[in-house]
Amino acid sequence: MKNGPLFFLGVFAALGFSWAGIVLGSNAQLATLPAFYDSTDSQAFPRRPSGLANQGQLVYRGLNCAACHTQQVRRPDFGSDQARGWGNRQSVARDYIYQNYVQLGEFRIGPDLTNLAGRKPSAPDAGDLMNLLYTGQGAMPAYSFLFENRKIVGQESSRALKLTGLLRPPAGREIVPTRRAEALVSYLLSLNTFYDYPESKPAPAPKEEAHK
Amino acid sequence: MTSAQPQTSPLDETAVEAAGRDPLVLLVGSALAWLLVSGALALVASIQLHTPAFMAGCSLLNYGHTRALQETAFIYGWVANVGLGLALWILGRLGGHPLRAANWVMVGAVFWNLGVTVGLVGIAVGDATSLPRLEMPGYAQPLLLAAYGAIGVAGVLAWTDRRRPVLFAAQWYAVASLFLFPWIFSVAQVMLVWVPVHGVLQAIVEGWFAQSLWTLWMAPLGLAGAYYVIPKVTGRVLPAYDLASLGFWCLLFIGGWTGGRHLIGGPVPAWISTIAIVTSAILLSHYLIVFLNLRAAYRGGGAALAFIAFGVTAYVVGGFVDAATAMRVIAVRTQFTFFDEAQQQLAVYGGVSMMLLGTLYYALPRLTGRPWASARLLSWHLVLSFLGLVLLVVTLAAAGVVQGGDLNHAQASFATIAADTRPWLRSASAAQGILLLGNCLLAVNFARTVGCGRIRVVKEALTS
């Protein structure tokens, strides 16, 4: 390695090699992945998230929720994702095409959220999620700073949290979600992968070959 | 252990040192400050894992933030500052010229640290990107890139001015890491933060970035130090040195391909994780060669080599663990668990960071012209680092195995998982405390070493 320029070229070629392979390669494969048009339903899937949900994703991203929650359901023979009721099919690339900032996540300190709003038999509703965010549960801390504890002026707000027991605010006060909490919950409720794309159906099991 | 180096006096101080002293000491000093910051944040994040209510009411320091802050402070604060400082020092020494453009390094160092500060504040107030290793908000990143460019000027000049045509392994690694970082970083910035790519491509680019940042920047920074210090201290040519260039090119060409390990089973094309499995196995040849070359560190020769020997061990073991967990049968148990965290700590802290610490222990006396102020603080730092790291990696790995087993049982609720992992996570917090304490000792030792030098200089200036 006495030749300086050649060494230099080699170093950049090394970087370019993996960049071209991984980044350009996958880009060529996925960059133009379109929505799937279902002719019987006459609509395309996935649906675009609402504006509020997109704002909520920024809150999710800013709070780094992905430090504990993944958003990817793996196939049935790989982990217990589907047995836990996180989704009834594996996640595919098409699920994410309208997400501005994809949050696959690297850790599962909490449950997966891919299909939070489409969980069966009972998906959480906005009230459940608000209460969960406000109070925390198990390993999940309370995100009380996303809420406002304020004095009731006139009538109680229709957005006030319905809390019971010790968490109930003293008389004359109410806990109201801030704009960030509302956006976040709207985003969480948009997480739904109910539609089965052709590529998300499990491959047909290989037929057992006749015993020879 | 009375002295860190075999020949403390005269410390072969050359003109190289005199020219680059101030900026390099600034880089090292700010690195140590960030090491303490990230240590404190790591402790908070670790406590939050087993006691979720800890600091939860503080919007700046919820777990998502502390984790991102800790990682950012560690990588962009500690590893970057100390790694760049030492890489420049090595390039200057091996090039045989006094370090030029020292003022550029000074300005670059100031703005780099400013950039990291802006990034950390940005994360804390909720502008984080939630991309692993790239959590800093978009507005902090151009500043970092520009500051890095200023620091890099000295590297370019040291390279073009080199007197000796022969390139040493330490030089290859230092040059490669210095010059590849801006490319990796700016590609990630553009493709993930400024104009994010489409859908899951973000996860793929992110995987490539995180892996390249590790294999093409952090690992070479650590290896540059190890490849420089070991032959200096032992006074011999490294064993199997002919293989070193193969090891180097293997890391460079193969490293970036292994990033898909974390995407196994995910909604990405299957070839990405398959290639990662294959390349992780090929990369083992790099780790083997590094081990063959650097096993000379085990012969012993003071604290610097002890740190480096630990670093080499952790680095090589980390490589093998990476290859093992890339396999689908093992990944199904370790994916998404604390085991990943243990792996990362093993490689980044146990491997690279320890090599950098060893290099720092060797370099600083030569840079300042004074031996380390306290041999006792040094040996305590060594003991606490070894203890803390082993404890941290073992407890996190155990927590990960328990968590992985539980996650695969659909009946185990998250409350059960939390209860099962809690004892291990508590021990991990203790380990973080030990590491923080050790690093405080290093900081005190550094301050005393450098501070005494300053006082001497001032006295001389007054008397003359």
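For every residue, the table says whether it meets (1) free of Cβ contacts under 8 Å to residues at least 60 places away in the same chain; (2) surrounded by 24 or more Cβ atoms within 10 Å (Cβ to Cβ); (3) of a type outside the set (D, E, K, R).
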position: B:Leu84; (1), (2), (3): no, yes, yes
position: B:Leu88; (1), (2), (3): no, yes, yes
position: B:His97; (1), (2), (3): no, no, yes
position: B:Thr117; (1), (2), (3): yes, no, yes
position: B:Pro132; (1), (2), (3): no, no, yes
Where a residue in region B:191-203 is at positive phi and its partner, wherever it lies, is part of a loop (DSSP other than H, G, I, E, B), with Cβ under 6 Å and at least six apart: B:Gly199/A:Ile97
For region B:344-356, state whether one or more residues are within 13 Å of another protein chain (Cβ to nearest Cβ) and within 14 Å of B:Ala397 (Cβ to Cβ). yes
Only residues that are outside any helix (DSSP H, G or I) and more than 8 Å from chain B (Cβ to nearest Cβ): list them for region A:1-31, please. A:Asn3
Part of a helix (DSSP H, G or I), modelled with pLDDT of 95 or more and within 30 Å of B:Leu94 (Cβ to Cβ): does that describe B:Thr359? yes
The conditions are (1) assigned to a helix (DSSP H, G or I); (2) over 20 Å from the mean Cα position of the chain (by Cα), and B:Ala309 fails exactly one of them. Which is it? (2)
Considering only residues that are more than 8 Å from chain A (Cβ to nearest Cβ), in contact (Cβ under 8 Å) with a residue 24 or more places away in the chain and not small (Gly, Ala, Ser), which ones fall in region B:237-253? B:Leu238, B:Pro239, B:Tyr241, B:Leu243, B:Leu246, B:Phe248, B:Cys250, B:Leu251
Name the helices (runs of 4 or more DSSP H) wholly within region B:119-233 that hold at least 3 residues that are among the polar types (S, T, N, Q) and within 13 Å of chain A (Cβ to nearest Cβ)? B:169-188, B:201-212
Going by the conditions given, is B:Asn113 part of a helix (DSSP H, G or I) and surrounded by fewer than 19 Cβ atoms within 10 Å (Cβ to Cβ)? no
Criterion: within 12 Å of chain B (Cβ to nearest Cβ) and not in a strand (DSSP E or B) - qualifying residue of A:Arg159, A:Arg180: A:Arg180
Among the residues of region A:82-105, is any acidic (Asp, Glu), farther than 23 Å from B:Gly57 by Cβ and part of a loop (DSSP other than H, G, I, E, B)? no
Give the residue, chosen from A:Ile152, A:Ile175, that is over 19 Å from A:Asn64 (Cβ atoms), over 12 Å from the mean Cα position of the chain (by Cα), buried (at least 21 other Cβ atoms within 10 Å of the Cβ) and more than 13 Å from chain B (Cβ to nearest Cβ). A:Ile175
Against the condition surrounded by fewer than 24 Cβ atoms within 10 Å (Cβ to Cβ), over 24 Å from B:Ile204 (Cβ atoms) and either more than 13 Å from chain A (Cβ to nearest Cβ) or at pLDDT 95 or above (or both), how does B:Ala304 come out, does it pass? no
Mind checking which residues of region B:326-349 are within 21 Å of B:Gln48 (Cβ to Cβ) and not hydroxyl-bearing (Ser, Thr, Tyr)? B:Phe336, B:Phe338, B:Phe339, B:Asp340, B:Glu341, B:Ala342, B:Gln343, B:Gln344, B:Gln345, B:Val348
Does region A:48-70 contain at least one residue that is at the interface with chain B (Cβ under 10 Å from one of its Cβ atoms), in contact (Cβ under 8 Å) with a residue 40 or more places away in the chain, among the polar types (S, T, N, Q) and in contact with an Asp or Glu (Cβ under 9 Å, 6 or more places away or on another chain)? yes
Let me spell it out: the conditions are (1) of a type in the set (D, E, K, R); (2) surrounded by fewer than 17 Cβ atoms within 10 Å (Cβ to Cβ); (3) in contact with a helix residue (DSSP H, G or I) (Cβ under 6 Å, 6 or more places away or on another chain), and A:Arg48 meets all of them except one. Which number is the exception? (3)
Residues of region A:79-88 being surrounded by fewer than 23 Cβ atoms within 10 Å (Cβ to Cβ) and more than 7 Å from every other protein chain (Cβ to nearest Cβ), in sequence order, are A:Gln82, A:Gly85, A:Asn88
Would you confirm, using the coordinates I've provided, whether B:Ala412 is in contact with a Lys or Arg (Cβ under 6 Å, 6 or more places away or on another chain) and either basic (Lys, Arg) or not in a helix (DSSP H, G or I) (or both)? no
Answer from B:Gly319, B:Gly259 - the residue that is within 14 Å of another protein chain (Cβ to nearest Cβ) and crowded, with 24+ Cβ neighbours inside 10 Å: B:Gly259
Of all residues in region B:218-236, which are touching a residue at least 60 places away in the same chain (Cβ under 8 Å) and in contact with a Ser or Thr (Cβ under 6 Å, 6 or more places away or on another chain)? B:Leu221, B:Gly225, B:Val229
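Rundown of residues vs (1) more than 7 Å from every other protein chain (Cβ to nearest Cβ); (2) closer than 24 Å to A:Arg179 by Cβ; (3) surrounded by 18 or more Cβ atoms within 10 Å (Cβ to Cβ); (4) among the basic types (Lys, Arg), yes/no style:
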site: A:Gln72; (1), (2), (3), (4): no, no, yes, no
site: A:Asp77; (1), (2), (3), (4): yes, no, no, no
site: A:Leu113; (1), (2), (3), (4): yes, yes, yes, no
site: A:Pro121; (1), (2), (3), (4): yes, no, no, no
Quick one: how many residues across region A:123-136 are surrounded by 17 or more Cβ atoms within 10 Å (Cβ to Cβ) and hydrophobic (A, V, I, L, M, F, W, C)? 3
From A:Asn64, A:Asn100, A:Asn88, grab the single residue that is modelled with pLDDT under 90 and not aromatic (Phe, Trp, Tyr). A:Asn88
Regarding region B:58-79, can at least one residue be identified that is buried (at least 24 other Cβ atoms within 10 Å of the Cβ), of a type in the set (Lys, Arg), within 13 Å of another protein chain (Cβ to nearest Cβ) and within 21 Å of B:Met218 (Cβ to Cβ)? yes
Checking the conditions here, which among B:Ile282, B:Ile254, B:Ile264, B:Ile272 is surrounded by fewer than 19 Cβ atoms within 10 Å (Cβ to Cβ) and more than 16 Å from the chain's Cα centre (by Cα)? B:Ile282
Being assigned to a helix (DSSP H, G or I) and over 18 Å from B:Met218 (Cβ atoms) is the filter here, so list the residues in region B:324-356 that pass it. B:Ala324, B:Thr325, B:Ala326, B:Arg328, B:Val329, B:Ile330, B:Ala331, B:Val332, B:Arg333, B:Thr334, B:Phe338, B:Phe339
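The values are calculated or read from the model by the stated rules, or taken from the named source; none is laboratory data. Quick caveat, the model's predicted, so the values are computed rather than measured. Note that we place each Cβ from the backbone using ideal geometry, even for glycine, and neighbour counts take in every protein chain shown.
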